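Contents: one structure, followed by commentary.
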Amino acid sequence: MPLNRWDPTSALARLEQDLGNAARQAHSSSVSTATDGDDLVITVEGINPADVHVQVAGGLLTINGQSGGSRSESHDVGGAHFSSSSSSSSSFSRSFSVPGDVAQSDVSTEPTGNGVKIRIRNAA
């Protein structure tokens, strides 16, 4: 089996690329608010709707969520097999003041193409 010379420059470049991808993925969730009649609509993008949890208590609406992903790669070079894997995870929590009479039953969620839309009836 032939020996391959280790190239620290390409190893560092790959590490830099992996860290950059992880950082972009970790900070890819965004939250926006809007009103629709008397309803408050909060849209969270860049997250799997199954990973979003919404709770109403004491005049606060709290949204918790997680996002992340993993990637693996393998290749053969000069008769040697190389494989690598990376994963990233990010969590967030946002709280919004809502009228004190808003109950959990006033909150509904629906998935969007890239996240989740949260509707709070009569909170605007």
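The values are calculated or read from the model by the stated rules, or taken from the named source; none is laboratory data. Small disclaimer: the values here were computed from a predicted structure and weren't measured. Here Cβ is always computed from backbone atoms with ideal geometry, including for glycine, and neighbour counts include all displayed protein chains.
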Inset, instruction - Could you list, in sequence order, all residues of the stretch 74-124 that are in contact with a His (Cβ under 9 Å, 6 or more places away or on another chain) and surrounded by 13 or more Cβ atoms within 10 Å (Cβ to Cβ)? - result: Ser90
Inset, instruction - Determine whether Ser32 is among the polar types (S, T, N, Q), modelled with pLDDT under 80 and outside any helix (DSSP H, G or I). - result: no
